[in-house]
Structure formats: C-alpha cells, structure tokens
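What follows is a set of notes on a single structure, which appears directly below.
Values quoted throughout were computed directly from the atomic coordinates according to the rules given, and no laboratory measurement underlies them. In this text, all values refer to a predicted model and were calculated from it rather than measured experimentally. We place every Cβ from the backbone using ideal geometry, glycine too, and count neighbours over all the protein chains shown.
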Amino acid sequence: MKTTGNTILVTGGGSGIGLALAQRWHDAGNVVIVTGRNSAKLDAAIAGRANMHALPLDVTDADAIAAFAADIVQRFPDLNVLVNNAGVMMYEALDGERDLSDAEATVVTNLLGPIRLTDALIDHLVARSDGAIVNVTSGLAFVPLPKAPTYSATKAALHSYTQALRVQLAGRVEVIELAPPAVRTELTPGQSTRDAYMPLDAFADEVMALFAETPTSAEILVRNVLPLRHAEAEGAVAERLAFLATL
C-alpha cells in the first residue's frame, strides 16, 4: 500500500485508533474521509485540516451503508483505500441466561459492518489499480479476553474473513490486517488511563512505520501484540488465556 497520494476512508475515525491513524495519514499527504455516528467528534477530527472530510455513517444500518457507498464514490471517485476500523467492545457474563442485545450489537458492528461496507465498495476498489482494504482486528482474535467473549469472537471471525478476502482479491486489491494490542483509548470505560496498555500515540507511530515498509506486510503487528499473535505457534495459548482471565 502506498503511503501518500491515497484517498482513504476510515470508519470509526472520530476517536481512538481510527482518529490517530486518520490524522497521521492526512499528515502524510492523503485525502482522508472519517465516518462515525458522533458528528461533534467528526467535526473536531477534521478541524483545520484541508482535504480531510467527515461524513456520518452508522455501520449497523445496512441501508445506510448502501446509500453511503453510492454517495461516496460519486463525491470521491479517487477513493482507493477502505479502513474498516469502527467497533464496539462490551463485557459480558456468560454464566446465566441474559439479554443478548450487547452480543448482537457487537456482531453487527464489528463483523457485519465491515462485511457490508466492503461488499458495497468492492466493485469500485477492484476497478482501481491501487486499491487496498485494511481490516482492524485485535490481538484478542488470537487469544480471547474471557470477559469480552463476543468482541473477541468477532475479531477472530474478521481475521478469518480477511484471510479469505486476501486470497480472492490477490493481484487486484491489497488486503491488510491491522491487529492492535490493548491501547489507551476509550473503547471501554477507563481504558485510556490504564498504565499497562500501550499509549495511543506510540501505537499509531509504530503502525505508520510498519505501513511505510516495502512491501507492506499482510499483517500490521506492533511489538506489543506479538505475544498474542504468536501464542498458538509458541504453544502458549493456555498460559496467555489464563493471564487475560485475570484482567
């Protein structure tokens, strides 16, 4: 994936990892479009930045995704990079019957959202000579966080989907997986102040350095996520799962 001269769409670009990467890509000389449900955050994200644009999108709404995709390729015909970043994470207790609304919302946001948006834009991206799709998964795709079971499952599913997508689009659209470790964002309440988590700026800087390598790796993995990504190969899944269970 080239580092400059792109037109990049970042879902969930109003805060957290999406915002940090969107602004860095913009600084590197790309046109960037950020989406999300919070208009105030989107406006703040693009304030004072020419060629950075904010468009509302609820990735849980299939009809809204279809309409958004039709509109964005008309407004930004040079769009060549889709970054599926929007996601939610909720803690769930599985030891009794419960309301499944949080689990269902997680699946729709984290898994169906990227599938639907990719599908809506795939013909446009395939027609480009420099198209790329970046799916943001998680270290928890490889070793789940027990208290966030559906979140972890959706990220594992998106990892698998990304691998299949890469094979089907080989030679036509570059498919990249970005798997973050625990990062100081507000993905969950209080997460941005947890000392054990990776600072957001340090994470984003390392990610940008990895994207700048030639050729771009199929998996963008900062050092902090490697213990989870390599847990199975190292025979350490049980050990690292036990550790995550203490968090």
- prompt: Given H placed 1.01 Å from N in the peptide plane, which residues other than close sequence neighbours of Ile220 have an amide H under 5 Å from its amide H?
  reply: Glu177, Leu178, Ala179
- request: Return the long-range amide H neighbours of Ala132 (sequence gap of 5 or more, or a different chain), with a cut-off of under 5 Å between placed amide H atoms.
  value: Val81, Leu82, Glu174
query: Only one of the listed values, [x] 25, 21, 18; [y] 28, 20, 18; [z] 31, 24, 17, was derived from the coordinates as semi-axes √(5λ) of the Cα gyration tensor in Å; which label is it?
result: [y]
query: Which value, in debye to the nearest 20, describes the size of the charge dipole of the chain about its Cα centre when Lys and Arg Cβ atoms bear +1, Asp and Glu Cβ atoms bear -1, and nothing else is charged?
result: 400
message: Would any residue of the stretch 132-171 have its amide N under 15 Å from a label point 7 Å out along Cα→Cβ of Arg194? List them or say none.
response: 138-141, 143-152
- prompt: If the cut-off is a Cα-Cα distance under 27 Å, which lysines reach Lys41, setting aside same-chain residues fewer than 8 apart in sequence?
  reply: Lys155
- request: Could you please rank Arg75, Arg166, placing first whichever residue has the fewest other Cβ atoms within 10 Å of its Cβ?
  value: Arg75, Arg166
task: Any chance you could check the Cα centroid distance between the stretch 1-58 and the stretch 140-207 for me, in angstrom?
output: 18
task: Only Cα pairs under 8 Å and at least 6 apart count here; give the relative contact order of the stretch 7-244 as a rounded whole percent.
output: 18
task: Please name whichever of Ile65, Asn80, Gln191 sits farthest to the positive end of the charge dipole of the chain, dipole taken about the Cα centre and charges placed at Cβ: Lys and Arg +1, Asp and Glu -1.
output: Asn80
query: Top mean-square fluctuation among Thr188, Thr11, Thr118, Gaussian network model of the chain, C-alpha springs under 10 Å?
result: Thr188
- prompt: Mean residue ellipticity at 222 nm from the helices of the chain, using -39,500 (n - 2.57) per DSSP H segment of n ≥ 4 over the full residue count, to the nearest 500 deg cm²/dmol?
  reply: -12500 deg cm²/dmol
